[in-house]
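Read the structure below first, then the notes.
Readers should treat all values here as calculations from the given coordinates under stated rules, not as data from a laboratory. Worth saying up front: this structure is predicted, and the values here are computed from it rather than measured. As a convention, Cβ positions derive from the backbone with ideal geometry for all residues, glycine included, and neighbour counts pool all protein chains shown.
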Amino acid sequence: GDGEPEVDRIGKVTRVSIGLTEQDYEEYYLGYANSVLWPLCHYRLDLVNFQQAYFDSYVRVNSKFASSLLPFLEPDDIVWVHDYHLIPLAEELRRRGCRQRIGFFLHIPFPPPDLLAAATSHEYLVECLSAYDLIGFQTEADLTNFRRYIEENSGAEELSAGFMRMGDNTFEAGAFPIGIDVDHFAEMAEKGSEEVAIDQMRRQMLGRKQVVGVDRLDYSKGLPDRFKAFERLLENHPDIHKKVSLLQIAPPTREDVQSYADIREELERLSGAINGRFADFNWTPIRYLHRNVPRDKLAALFRSSQVGFVTPLRDGMNLVAKEFVAAQESADPGVLVLSQFAGAAEQMAEAVIVNPYDLDAMAEALYRALTMPLDERKERHEALLKRIKESNAHAWMNGFLTALENSRPAA
């Protein structure tokens, strides 16, 4: 609710938490954050549901967060704010006299200027971003979209070396692609899981390969088209019937938002129809799990799969693509099939890159991945593994914080 912040200590870390009211949850979280900003940033204007009450709650909750955080800030602290739920936080802190360096990282895509301009609050959002000292994006494409908006709509002045001035605020913007802890994930994959190992042995005895997809159940992930592409693969290549199956894990998320309930129904209908059409008594083409799977088991599943199928319609980065690569056995690696609209595609050119709107192209990419010679698989995997190790989670964190420490404080 609206009570005092709760404070607890975990080792050297002081954690401050504040509760939301039921109304805040409905209007701020489900409303403005996930029914306006999320679809807008994922290029889905048709799903944006702008309501003034949502926007008012978004501003109010960020104001409450700023008031709660301020008493805990030390003069030499730096503040790192994460994601679209908290865009106004720096502006609210500055109003309360905060002069510490504040950085912001957007984990989701930043839309092109014409899409962003469709949001009635777009000027307010960008003005709030200008209160940060450093704004970080996942990709060069996102950074370009932001710069274009600034140039075309705000009258901001471009200063030297990536700095910009907008009104009284001077700030820097850059691309900082997020990574994973590659070694830790590879270690989990190597340890394996007894259940996964038994399933893998069964498939090996039957001469079957596995395509794997793991995504939150979200309309941005392209799951219905992924199922249809797998169906097209089975239509176009009868020779692989009984020789391959798709395992799709899609844990539930935001089930209180109608568009998420709709996609769940569509996936259940599609998987049932495709299995009804192609399955045999000892072969199920699509195995669809609508629940969470422990991380260590996921790592083992990635390692035991021959193809990683990662085809979002739009994604900030998509760390599943990097986890799939990290999990592979380098002597006999699987192949990553990756959407050109995932942020990860900027860094992972050696994946088989696909257009997630083109079912035929995805089907053929799957067939190519399933039949790819070992030498080519090893060559692609080696290049991808090298790149994700170079830009791992530690490099991302250190790169952003170093840039923030060296940024000019907001005027």
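Counting only Cβ charges, +1 for Lys and Arg and -1 for Asp and Glu, the dipole size of the chain around its Cα centre is about 1080 debye.
Since only I102, N169, P39 are under comparison, the one whose Cα sits farthest along the positive direction of the charge dipole of segment 6-178, derived from C-beta charges on Lys, Arg, Asp and Glu, is I102. Straight Cα distances below 18 angstrom link K191 to the aspartates and glutamates D181, D183, D199, D296, E323, E329, D332, with same-chain residues fewer than 8 positions distant left out. Taking the fewest neighbouring Cβ atoms within 10 Å as the starting point, the ordered list for I135, I198 is I198, I135.
Highest GNM mean-square fluctuation among Q210, Q100, Q51, for the chain modelled with Cα contacts below 10 Å: Q51. For the chain, a Gaussian network of Cα nodes joined below 10 Å ranks L47, L298, L223 by mean-square fluctuation, and the top entry is L47.
Result for the chain in a Gaussian network model with C-alpha springs under 10 Å: among P373, P252, P39, the largest mean-square fluctuation is at P373.
What is the dipole size for segment 280-346, taken about its Cα centre, with +1 at each Lys and Arg Cβ and -1 at each Asp and Glu Cβ, in debye to the nearest 20?
Computed charge dipole of segment 280-346: roughly 260 debye.
Near I353, the amide H atoms lying under 5 Å from its own belong to L338; only residues 5 or more places off or on other chains count, and H is placed 1.01 Å from N. For the chain, complete DSSP H runs whose alpha carbons reach 15 Å or more along their own long axis and whose mean Kyte-Doolittle score is -1.0 or higher are 52-69, 194-206, 223-236, 258-278, 359-370, 393-405.
Modelled this way, with points 7 Å down the Cα-to-C-beta line, the labels at D46 and I198 are 4.4 nm from one another. For segment 182-390, the square roots a ≥ b ≥ c of the C-alpha gyration tensor eigenvalues yield an a/c under 1.5, which makes the shape rounded. Each Lys and Arg adds +1 at its Cβ and each Asp and Glu adds -1 at its Cβ; summed about the Cα centre, segment 182-390 shows a dipole of about 320 debye. For the chain, the share of DSSP beta bridges that are antiparallel, to the nearest 5, is 25%.
Considering only V307, L385, S121, the residue lying farthest towards the positive end of the dipole of the chain is V307, judged by Cα position with unit charges set on Cβ. Between D262 and D168, the modelled labels are 4.4 nm apart [label points 7 Å from Cα along Cα→Cβ].
Remark: spin-label model distance D183-T144 equals 3.5 nm, labels positioned 7 Å along the Cα→Cβ axis. Couplings 3J(HN,Hα) of segment 289-294, computed from phi: 10, 9, 6, 6, 10, x Hz, in residue order, whole Hz [Karplus 6.51 cos²θ - 1.76 cosθ + 1.60, θ = phi - 60°; x for Gly and Pro].
Sorting E92, E158 on the 10 Å Cβ count, fewest up front, what's the list? Display every interim value, and only then the final one.
Working: E92 22, E158 11.
Taking fewest neighbouring Cβ atoms as first place, the list is E158, E92.
Hey, if you put +1 on the Cβ of every Lys and Arg and -1 on every Asp and Glu Cβ in the chain, which of V196, S154, L267 ends up farthest toward the positive end of that dipole? With unit charges placed on the Cβ atoms, the residue in question is V196. For the peptides 226-235, 69-78, residues were scored by their other Cβ atoms within 10 Å and the scores averaged per peptide; the highest-first order is 226-235, 69-78. Lysine pair count for segment 211-363 (Cα-Cα distance under 22 Å; residues 8 or more apart in sequence or on different chains): 5.
Once backbone amide H atoms are built at 1.01 Å from N, R101 has V79 as its partners under 5 Å, excluding neighbours fewer than 5 places away on the same chain.
The ranking of S330, S130, S68 from fewest to most other beta carbons within 10 Å of each one's beta carbon is S330, S68, S130.
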